[in-house]
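As structure tokens, the structure follows; a few thoughts come after it.
Just so it is clear, none of the values below were taken in a lab; they were calculated from the coordinates. The structure displayed is predicted, hence computed values, not measured ones. In this analysis, Cβ positions are derived from the backbone assuming ideal geometry, glycine residues included, and neighbour counts consider all displayed protein chains.
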Amino acid sequence: MSEQHVTEQPSLPELGVVLGDRFRLDEKLAAGGMGAVYRAEDQMMLRPVAVKVLLPALLDDADIRRRFRRESSILAALDHPGVVKTLALGTDDAGRSWTAMELLTGGTLKEAIDREGRIGPVALVPIVEGICGALAAVHDHGVVHGDLKPNNIFLTPEAPGVKLVDFGLSKIAGLDRLTKTGEVIGTPAYMAPELLTGESEPDGRVDTYGLGIVMYEALTGAQPFAEKNPGKLMFDIVMGKKIPLSEAAPDVPPKVVAVVDRAMAAKRDERYGSPGELADAFRAATG
């Protein structure tokens, strides 16, 4: 029998660890295949913060490391009320990249949809406007979110009421590998067709598409693509074979349906050219 070598998987840091000689990890809030988010204490400013720690395996590519540092630095310098504030970033002794951010109060749009079932067009207007305002700001700085979904949209009790989180992580850690190896990492149901085919360099219209999916889900309480098989799901996304919004929620006004359909058009040239254009169209459609 030949000797089997087991590769040790990178681990997440233990509670109590202090990152950057400043942020003490106090509680694990969430964990997944990319890393974990902790509630931490900022020992310099004496306030609670959130710290996201990425696994070293995600950054074993020099280009991915470069893009991660670039986008994290841009977001750290970007001061926009609709974007979660990045406070600091670094790498620990184990090679795990971490980012310290403001700790948000409230809940995700996903939690709101699960709780309410559906969100009406008028109630959705300020959420869409908040998302589009934040997207416009980051697009102006050359950053694409790349992973818009209800779990990455945070609804807060404080103005402006909407915060975008997890900027660029799917694009950096997943979509690069998708175009190189055909392996899908992330949330395919919210990915624009060009991300799945790798035919062109992604631009801000991938976020327009993702927001269209989010709007569809908020208005109907369901996703537009019902296929469970991953391969068939990706085929349906690329071909634009969705359950029509007018069927999933017949009470949604036709003008609103038209805006959502254009936002999530399979061909990116048919989508809105900017987040502001989409926000204006949705506001007008709701009357």
If MET101, MET191 are placed from fewest to most neighbouring beta carbons inside 10 Å, the sequence is MET101, MET191
Rounded to the nearest 500 deg cm²/dmol, what is the calculated helix-only ellipticity per residue at 222 nm for the chain, with -39500 (n - 2.57) per DSSP H run of length n ≥ 4? -11000 deg cm²/dmol
Using only the alpha-carbon atoms, how far is helix 275-286 inclined from the longest principal axis of the chain? Give it as 0 to 90 degrees, nearest 10. 40 degrees
Which residue, GLY142, GLY240, GLY35, tops the fluctuation ranking in a GNM of the chain built on C-alpha contacts under 10 Å? GLY142
Longest principal axis of the chain (C-alpha) makes with the long axis of helix 62-77 (C-alpha) an angle, in degrees to the nearest 10, of 70 degrees
Write down the radius of gyration of the chain and its Dmax, each obtained from C-alpha positions, in Å. 19.5, 73
Kindly write out, for the range 87-98 in residue order, the coupling ³J(HN,Hα) from the Karplus curve 6.51 cos²θ - 1.76 cosθ + 1.60 (θ = phi - 60°), rounded to whole Hz, with x marking Gly and Pro. 9, 6, 8, x, 9, 8, 5, 8, x, 8, 7, 9
What residue among VAL238, VAL162, VAL51 has the largest mean-square fluctuation in a Gaussian network model of the chain, using Cα springs under 10 Å? VAL238
Specify the angular offset, from 0 to 90 degrees and rounded to the nearest 10, of the alpha carbon long axis of helix 254-263 from the longest principal axis of the alpha carbons in the chain. 40 degrees
Provide LYS228, LYS267 in ascending order of the number of other Cβ atoms located within 10 Å of each residue's Cβ, fewest first. LYS228, LYS267
Step through the residues of the range 139-151 one at a time and calculate ³J(HN,Hα) from phi using the Karplus curve (6.51 cos²θ - 1.76 cosθ + 1.60, θ = phi - 60°), rounding each to whole Hz and writing x for Gly and Pro. 4, 5, 9, x, 10, 10, 4, x, 8, 5, 6, x, 5
Can you tell me which of PRO150, PRO126, PRO253 moves the most in a GNM of the chain? Springs connect C-alpha atoms under 10 Å apart. PRO253
Dimensionless Rg over Rh [the range 18-102; C-alpha; Kirkwood]: 0.95
Computed over the range 18-102, the relative contact order (Cα-Cα under 8 Å, seq sep at least six) in percent reads 25 percent
